[in-house]
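Just below is one structure, and these are the notes that go with it.
The values are calculated or read from the model by the stated rules, or taken from the named source; none is laboratory data. Quick caveat, the model's predicted, so the values are computed rather than measured. Using ideal geometry, Cβ is built from the backbone for each residue, glycine included, and neighbour counts are taken over all protein chains shown.
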Amino acid sequence: MSGVRTEAGAGRRLQKERRKMSSRGRQAALVGDLGHLNFARVMAQHPDLYGAFLPFLGKLIPGSDLPPRDREILVIRTLALCEEVYEAHHHVLIADKAGMTTADIDAARTDGPGLTPFGHALARAAEELVRDHRMSDETWAELTRRYSQAQLMEVVFLVGGYALMAMVTNSFGIQVEDDPDTIRRLAELRQYT
């Protein structure tokens, strides 16, 4: 893709839409002030969709029932398979908070050495879901050894949600934030694991 396709919203419009969403109880409490993030500024161009999407995102990461490390293996592998950059950049910070090293993150990205056997099963689940839109019986069975039915469902929604996120950020041309103040605020925002 050649660059930005959907411009970030103006500050006043974003503030107005965020107040409307908040007053309707639609902005997830966990996200805090996202106005400095390019994703939020772009999504504010469609406030109803953004308002519906935030609670889903809130369940997928800070509200997840999956162990943080497992969740990040799934997310990072999914984003790599989808050639997504924006969220991948943000998830390096989240993975770090979940105790993953740079080597762990690289292994998750590529399904490379350094992952445990269960970590490889998670990476395989992401690959199958992205490629085939379903998990194989073998992978499903392997994950059932550790996960509840609800957690297995969450794996599918997590991978699907981040494949959707990749479509959004890649199609809209959302750029990674690069100014020091935003990077600092992003690190503060990503305190959850």
- Message: Quick test of your reading of the structure: residue 103 fulfils all but one of (1) aliphatic (A, V, I, L, M); (2) assigned to a helix (DSSP H, G or I); (3) touching a helix residue (DSSP H, G or I) at 6+ places or on another chain (Cβ under 6 Å). Name the failing condition by number.
- Response: (3)
- Query: modelled with pLDDT of 85 or more, acidic (Asp, Glu) and part of a loop (DSSP other than H, G, I, E, B), is that true of residue 72?
  - Reply: no
- Give just the number: which of (1) of a type in the set (A, V, I, L, M, F, W, C); (2) surrounded by fewer than 21 Cβ atoms within 10 Å (Cβ to Cβ); (3) in contact with a helix residue (DSSP H, G or I) (Cβ under 8 Å, 6 or more places away or on another chain); (4) at pLDDT below 90 does residue 10 not satisfy? (3)
- Residue count, the range 106-161, condition surrounded by fewer than 20 Cβ atoms within 10 Å (Cβ to Cβ), assigned to a helix (DSSP H, G or I) and hydrophobic (A, V, I, L, M, F, W, C), comes to 10
- Message: I'm trying to understand the selection: among the residues of the range 123-170, which are out of contact with any Leu (no Cβ under 7 Å at 6 or more places or on another chain) and charged (D, E, K, R)?
- Response: 124, 128, 131, 132, 134, 137, 138, 142, 145, 146
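Taking the options 121, 107, 125, 141, name whichever one is touching a Gly at 6+ places or on another chain (Cβ under 7 Å) and of a type outside the set (Lys, Arg).
Values: 121 fails: touching a Gly at 6+ places or on another chain (Cβ under 7 Å); 125 fails: touching a Gly at 6+ places or on another chain (Cβ under 7 Å); 141 fails: touching a Gly at 6+ places or on another chain (Cβ under 7 Å).
Of 121, 107, 125, 141, the one residue that is touching a Gly at 6+ places or on another chain (Cβ under 7 Å) and of a type outside the set (Lys, Arg) is 107.
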